[in-house]
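Beneath this line is the structure, given in structure tokens, with notes to follow.
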Amino acid sequence: MTRSVLIEGILLLLVGAVAAGEGIRVTIYKDPYTLYDPLGPGLYVLVFGVAMVITAAVHLATHAKTGRPVEQMAAGELFPMHLAGTIGLLALYIFLIGVLGYFVASLVFFIPQFKIAGVKSWLTALALSVVLTLGFYIIFVKFGGMVFPKGVIFG
């Protein structure tokens, strides 16, 4: 295991543990001056923190088994172009979410993002984008009670 993989795993593990601890603290301590939904905000932070800890463990275990450095596992020379593409798509997403709303902007963001991530087929990227967009909507809007932007055009 390379030093960079170890550092990545430890940092992800620490951030996840802190988030899980904060989620537990917020769940246990209820501020009497704040309105809470039945689940409370602590549960979301706790689930996110536990997911980060699990991701860190899988990351460390995967790279410990292979013994190959991250640079050999990823296309190292393509990384700057992928990063620039992702940053550009994120900037476009931030702009479009206010204009077109969550659904259209998310599809415009996720489809090329899946292509950057290595999904071969445009049809697969479209299907994954639709599933992810609807999944986020169901989790956060239907179950979490959040309000997603509808955009200027569709609002």
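The values are calculated or read from the model by the stated rules, or taken from the named source; none is laboratory data. Since we're looking at a predicted model, the values are computed, not measured. For neighbour counting, all protein chains shown are included, and Cβ atoms are generated from backbone atoms with ideal geometry for every residue, glycine included. Heavy atoms of the whole protein, side chains included, go into the accessibility calculation; ligands, DNA and RNA do not. Shrake-Rupley method; radii C 1.70, N 1.55, O 1.52, S 1.80 Å.
Observations
- Segment Thr62-Thr124, length gained on full extension (0.36 nm per residue, minus Cα span): 19.8 nm
- Annotation: peptides 45-58, 2-15, ranked by per-residue average of other Cβ atoms within 10 Å with the highest first, follow the order 45-58, 2-15.
- FRET efficiency for the pair Ala84 and Val50, taken as 1/(1 + (r/R0)^6) with r the Cβ-Cβ distance and R0 = 35 Å, rounds to 0.60.
- If the segment from Ala17 to Val104 were pulled out straight at 0.36 nm per residue, it would be longer than the present Cα-Cα gap by 27.9 nm.
- Accessible heavy-atom area order of Thr124, Thr86, highest first, probe of 1.4 Å: Thr124, Thr86
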